[in-house]
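The values are calculated or read from the model by the stated rules, or taken from the named source; none is laboratory data. Remember, it's a predicted structure, so these values are computed and weren't measured experimentally. Virtual Cβ from ideal backbone geometry, glycine too; neighbours counted across all protein chains shown. For accessibility, only protein heavy atoms count, side chains too; no ligands or nucleic acids. Shrake-Rupley method; radii C 1.70, N 1.55, O 1.52, S 1.80 Å.
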Amino acid sequence: MSTKLRIGIAGTGNIFRVAHAPVLAEHPEIEIVAACDVNEERLRAQGAQWGIPHLYTDYKEMLAEHPDLDFIDICTSNKYHSDIAVAALEAGIHVFCEKPDAISPEEASRMASAAEQSGKLLMTMRNNRFRPAIQFLKKYTAAGHAGDIYTGRCGWVRRRGIPGKGGWFTTKELSGGGPLIDLGVHFIDVAVWLMGNPRPVSVVGATYTKFAETSISDSAHSQFGEASADGTFNVEDLASGFIRFDNGATLHIEFSWASNVEEELNFVELRGTKAGFSFKGGETKLFTEIEGTLCDITPKLAKDHHGHAEHIKHFIACVQGRDKPILVPQDGVHMIQILSAIYESARTGAEVKL
């Protein structure tokens with residue numbers, strides 16, 4: 001493989017423009033040779049901005065005309081993640097994909113199988129693993145300082161922050177769901193990773209849609225997606241649930257785009273037999289006892305960031321053989337199984353076994 005990686009982009013919307021393009025364009029080992037998007041106007045604008053020479057409205061045409069791509073970066077709406085990923089993997093091309101992995105467990109499993117059969121890398125965005133606090137907490141828990149982590153909670157709640165209302169975010173066929181699949185991926189993943197990746201065995205969940213008619217926004221995140229005044233809103237705006245794992249551990253979850261809370265907040269709180277800890281609103285605290293005295297500890301950490309750039313650079317290093325993947329496709333299968341089961345539990349009112 002050449003030192004410079006030739007890559008193609010699938011989807012040139014906001015997440016590509018804000019979180020992917022600046023990193024890829026500045027990376028010394030990357031050459032963006034092609035991009036595709038069904039929105040031709042947006043495609044041409046992004047192609048011009050980032051100097052992408054070959055533009056397509058069909059990803060199949062892009063793959064057919066560029067079989068020598070080293071990897072493809074998928075930034076489309078959720079529905080198309082699996083089809084594009086499988087097509088690229090079967091063509092012998094590595095895949096980096098925006099979260100969520102897919103909109104159903106079957107599609108996530110299909111992606112994982114394609115990666116295994118092709119021998120190519122498949123990695124889905126888990127940017128929060130790369131935040132300084134989470135990296136510290138992973139080292140802390142892996143060293144055994146928290147002891148047995150047996151329960152906790154995580155979430156991301158917004159007061160009014162519905163992304164692209166009326167567009168693909170709020171259209172179940174395209175997104176797979178609301179804040180659970182949009183935001184839940186982020187902090188369920190962090191919590192499970194810090195817990196040591198126990199296998200989920202059952203869930204109970206509930207979903208609500210109470211703010212479909214609101215026109216108020218107080219979150220910068222609501223700017224993602226393209227809003228449509230007369231569009232569809234057939235997903236939840238709040239989801240809550242309870243996950244059991246094969247080692248007996250449990251996790252409470254809550255994710256919302258809109259609810260009457262004081263302010264927007266994302267968090268992970270886990271409790272171990274030696275120590276507990278919280279990552280809340282970017283601030284990290286440890287709760288333990290030292291020499292018979294209860295102690296609250298605030299680590300001095302590097303400035304917080306969202307980790308997108310670090311994860312993309314990690315993937316590039318893995319493709320180049322310098323690093324080993326921080327996550328594997330099966331992590332994505334377990335994630336989508338959890339989310340799908342919560343939606344099923346919300347629909348039926350019963351516990352769902354995994």
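Can you list the lysines whose alpha carbon sits under 23 Å from that of K210, skipping same-chain ones fewer than 8 residues off? By straight Cα distance, K210 reaches K165, K172.
Of M125, M195, the residue with the largest accessible area leads and the full order is M195, M125 (1.4 Å probe). Accessible surface ranking for L265, L294, 1.4 angstrom probe, highest first: L294, L265. To the nearest 10, the accessible area of W168 is 70 Å² with a 1.4 Å probe.
Dipole of region 81-176 computed with +1 at Lys/Arg Cβ and -1 at Asp/Glu Cβ about the Cα centre; of Q135, G167, A87, farthest Cα towards the positive end is Q135.
Any idea what angle helix 105-118 forms with the longest principal axis of the chain, computed on alpha-carbon atoms, 0 to 90 degrees, nearest 10? For 105-118 against the chain, the angle is about 60 degrees.
Extending 7 Å from Cα along the Cβ direction at A64 and again at N14 yields two label points whose distance is 3.4 nm.
So if I place +1 on the C-beta of Lys and Arg and -1 on the C-beta of Asp and Glu, and nothing else carries charge, what would the dipole magnitude of region 253-353 be about its Cα centre? I want it in debye, nearest 20.
460 debye
A helix-only calculation puts the chain at -9000 deg cm²/dmol for mean residue ellipticity at 222 nm, using -39500 (n - 2.57) for each DSSP H run of at least four residues, averaged over all residues. Between the alpha-carbon centres of region 287-353 and region 210-263 there is a gap of 19 Å. Loop-resident GluC sites (Glu not before Pro) (DSSP state other than H, G, I, E or B) in region 1-107 with no more than 16 further Cβ atoms inside 10 Å of their Cβ: E29.
Cross-link check: pairs K79/K139; K99/K274; K274/K300 evaluated at a Cα-Cα cut-off of 25 Å; pairs beyond the cut-off: K79/K139; K99/K274.
Using only the alpha-carbon atoms, how far is helix 132-142 inclined from the longest principal axis of the chain? Give it as 0 to 90 degrees, nearest 10. Taking Cα atoms only, the helix is inclined about 60 degrees.
The angle between the Cα long axis of helix 308-319 and the longest principal axis of the Cα atoms of the chain comes to about 70 degrees, rounded to the nearest 10.
Computed with every protein chain present, the accessible area of H314 is close to 20 Å² [probe 1.4 Å]. Of all aspartates and glutamates in the structure, those lying under 18 Å Cα to Cα from K303, and not within fewer than 8 positions of it along the same chain, are E283.
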